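So the structure is just underneath, and the comments pick up after that.
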Amino acid sequence: MNYAIIAAGEGSRLAQEGVAKPKPLVELQGEPMIGRLINIMLRCNAESISIIVNEHMTEVREYLQSLELPVPLNLVVKTTPSSMHSLWHLSRVIPQGKFCLTTVDTIFKENDFKGYIDAFENDEAHDGMWAVTPFVDDEKPLWVDVDDEMNITAFRDKAWEGARYVSGGVYAMTDRAFEVLDNCIEQGVSRMRNFQRALVDAGYHLQAYSIEKIVDVDHADDIATAEAFLAS
């Protein structure tokens, strides 16, 4: 499995709340968030890892360049206006075939992630598999509408009666999705959620995989929350 990490945000909210380290280097259980993700990916059959960081994150870039990994590390240094644009730049270095993308501040338990990756590696019926969760942690969650077989039918900004899942910020797909991504860039589309909608509109078959709990680290007090979650 090829993996990709978006770590191109500025982490401005954490900085404003007194967190001195760049978000990817914030430690959870004694390990930088980005290092934790890399190690989990290595234990989940990583063939390559592609990461984008912004041009101002010199500490993060130096940390990544200091690593000695048993698989190729494709590092992109680029400041982008959105996660969708970050993925577009990553698409130039991600190897062909299946890959899994996550944002650096998405926190999940390793066993849950491994089950998700195993499911996608063994799936031949769908163009992608999205990690979703019934646990709503995001300030502006992206709600995921599914049918009875957990096929994704729509992505919505607001909840509705009977809504069950929000996006967990982890996306597994194939490089076929890059054609839709290129079209989004050409048409001036912005935001990752609109790229996801474009995949559905283009007829891509996306499956939802439910994980009980996924949390984000957006604010200073989220760090303690994430550590308690991982320790539970």
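The values are calculated or read from the model by the stated rules, or taken from the named source; none is laboratory data. These numbers come from a predicted model, not from an experiment. Don't worry about glycine lacking a Cβ; one is built from the backbone with ideal geometry, like all the others, and counts go over all protein chains shown. Just the protein is used for accessible areas: all its heavy atoms, side chains included, with ligands, DNA and RNA removed. Shrake-Rupley method; radii C 1.70, N 1.55, O 1.52, S 1.80 Å.
Are any residues in the stretch 176-232 within 16 Å of Pro141 (Cβ to Cβ) and of a type in the set (A, V, I, L, M, F, W, C), and if so, which ones?
Across the stretch 176-232, the qualifying residues are Met192, Ala208, Ile211, Ile214, Val215, Val217.
Mind counting the residues in the stretch 181-203 that are out of contact with any Phe, Trp or Tyr (no Cβ under 8 Å at 6 or more places or on another chain) and open to solvent by less than 30 Å² (accessible area, probe 1.4 Å)?
Residues that pass the stated criteria total 4.
Anything in the stretch 36-63 that is closer than 21 Å to Ala220 by Cβ, assigned to a loop (DSSP other than H, G, I, E, B) and not polar (S, T, N, Q)? List them, or say none.
His56, Met57
Being buried (at least 19 other Cβ atoms within 10 Å of the Cβ) and either of a type in the set (Val, Ile, Thr) or modelled with pLDDT under 95 (or both) is the requirement here; does Ile214 meet it?
yes
Out of everything in the stretch 15-35 that is touching a residue at least 12 places away in the same chain (Cβ under 8 Å) and in a helix (DSSP H, G or I), what residue ends up being surrounded by the fewest Cβ atoms within 10 Å (Cβ to Cβ)?
My answer is Gly35.
Cβ contacts < 6 Å: first residue farther than 11 Å from Val26 by Cβ, restricted to the stretch 209-224; second residue of a type in the set (S, T, N, Q), any location; separation 6+ or different chain. Result?
From the stretch 209-224, the pairs are Ile211/Thr133; Ile214/Thr133.
Do you know which of the residues in the stretch 86-112 that are hydroxyl-bearing (Ser, Thr, Tyr) and not in a loop (DSSP other than H, G, I, E, B) is surrounded by the most Cβ atoms within 10 Å (Cβ to Cβ)?
That would be Ser86.
Do we find that Gly203 is modelled with pLDDT of 95 or more, more than 18 Å from the chain's Cα centre (by Cα) and at positive phi in this structure?
Judged against the criteria, Gly203 is a match.
Go through the stretch 137-167 and give me each residue that's surrounded by 15 or more Cβ atoms within 10 Å (Cβ to Cβ) and β-branched (Val, Ile, Thr).
Within the stretch 137-167, Val144, Val146, Ile152, Val166 meet the criteria.
Here is a list: Ser167, Ser190. Which entry is within 20 Å of Asp105 (Cα to Cα), among the hydroxyl-bearing types (Ser, Thr, Tyr) and either touching a strand residue (DSSP E or B) at 6+ places or on another chain (Cβ under 6 Å) or touching a residue at least 40 places away in the same chain (Cβ under 8 Å) (or both)?
Criteria check complete, one pass: Ser167.
Scanning the stretch 36-85 for residues that are in contact with a strand residue (DSSP E or B) (Cβ under 8 Å, 6 or more places away or on another chain) and among the basic types (Lys, Arg), which turns out most open to solvent (accessible area, probe 1.4 Å)?
Among those residues, the one meeting the criterion is Lys78.
Starting from residues that are out of contact with any helix residue (DSSP H, G or I) (no Cβ under 6 Å at 6 or more places or on another chain) and open to solvent by less than 60 Å² (accessible area, probe 1.4 Å), keep the ones in the stretch 122-136 and report whichever is farthest from Gln196 (Cα to Cα).
Asp123
For a quick check of your reading of the model, give me the residue pairs whose first member lies in the stretch 107-120 and is farther than 18 Å from Ala228 by Cβ, whose second is in a helix (DSSP H, G or I) and open to solvent by less than 10 Å² (accessible area, probe 1.4 Å), with beta-carbon atoms closer than 9 Å and at least 6 apart or on different chains.
Phe113/Ile40; Phe113/Met41; Lys114/Ile40; Ile117/Met41
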